[in-house]
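This report concerns only the one structure given below.
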Amino acid sequence: MPLRLGGRSLDPVPLTVGVVLSCLALLVVWDTTGLTLSSVYGMGPKATPYLIATGLAALAIGHFIASLSAASAPREAADHGPVAWIGGGLAAVVAILWVGGGFIVAMMVLFAATARAFGRRAILQDLGIGLVLGLAMYLLFTKLLALSLPQGPIEHIL
């Protein structure tokens with residue numbers, strides 16, 4: 001049932017999403033203000049969280065505007081299968097990292113699950129593509145950027 005605001009009906013779905021995005025933006029800003037990191041020149045490590053909070057706030061504003069104009073828009077039926085595949089892929093990433101499987105294997109599984117969520121059925125090819133992409137990202141982050149990522153059996157070989 002649409003909500004009313006000054007004679008205009010509000011769509012509760014984008015309104016709710018806008019409220020959640022606003023809360024996330026405020027949470028990111030609040031959490032970032034507690035960082036004690038500083039930079040002696042240029043932008044420091046606080047710049048990215050503030051940029052993300054700005055993006056979340058912009059999305060929230062867009063959803064608030066959509067809640068004013070989309071009250072009569074028809075809803076499409078939800079397809080929970082793709083959401084389950086992506087959620088399962090994210091859960092698999094957490095499990096793989098927790099048991100020490102490493103970053104590359106976790107990204108391989110996440111890529112395959114996401115590809116399946118978008119309708120692709122070539123699971124072995126997707127695992128291979130995920131392996132190559134995970135390896136490339138691992139090498140980029142660890143060798144070029146000198147960042148530490150979770151290591152597993154494959155990463156110990158490199």
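Only residues that are outside any helix (DSSP H, G or I) and either touching a residue at least 24 places away in the same chain (Cβ under 8 Å) or closer than 15 Å to Ala92 by Cα (or both) were counted in the stretch 142-155, giving 4. Could you grab me the full set of residues in the stretch 99-136 that are assigned to a loop (DSSP other than H, G, I, E, B) and surrounded by fewer than 16 Cβ atoms within 10 Å (Cβ to Cβ)? Selection gives Val99, Gly100, Phe118, Gly119, Arg120, Arg121, Ala122.
Restricting the stretch 78-96 to residues that are modelled with pLDDT under 95 and over 17 Å from the mean Cα position of the chain (by Cα), the residue that is most open to solvent (accessible area, probe 1.4 Å) is His80. Determine if the stretch 135-143 includes at least one residue that is of a type in the set (Lys, Arg) and within 21 Å of Pro153 (Cα to Cα). Checked the stretch 135-143: at least one residue is of a type in the set (Lys, Arg) and within 21 Å of Pro153 (Cα to Cα).
Kindly evaluate Leu139 against the criterion of being free of Cβ contacts under 8 Å to residues at least 60 places away in the same chain, outside any loop (DSSP other than H, G, I, E, B) and farther than 30 Å from Pro14 by Cα. Yes: the conditions hold for Leu139.
The values are calculated or read from the model by the stated rules, or taken from the named source; none is laboratory data. This one's a predicted model, so the numbers in the text were calculated from it and none came from an experiment. FYI the Cβ positions are ideal-geometry reconstructions off the backbone, even for glycines, and counts take in every protein chain you see. Just the protein is used for accessible areas: all its heavy atoms, side chains included, with ligands, DNA and RNA removed. Shrake-Rupley method; radii C 1.70, N 1.55, O 1.52, S 1.80 Å.
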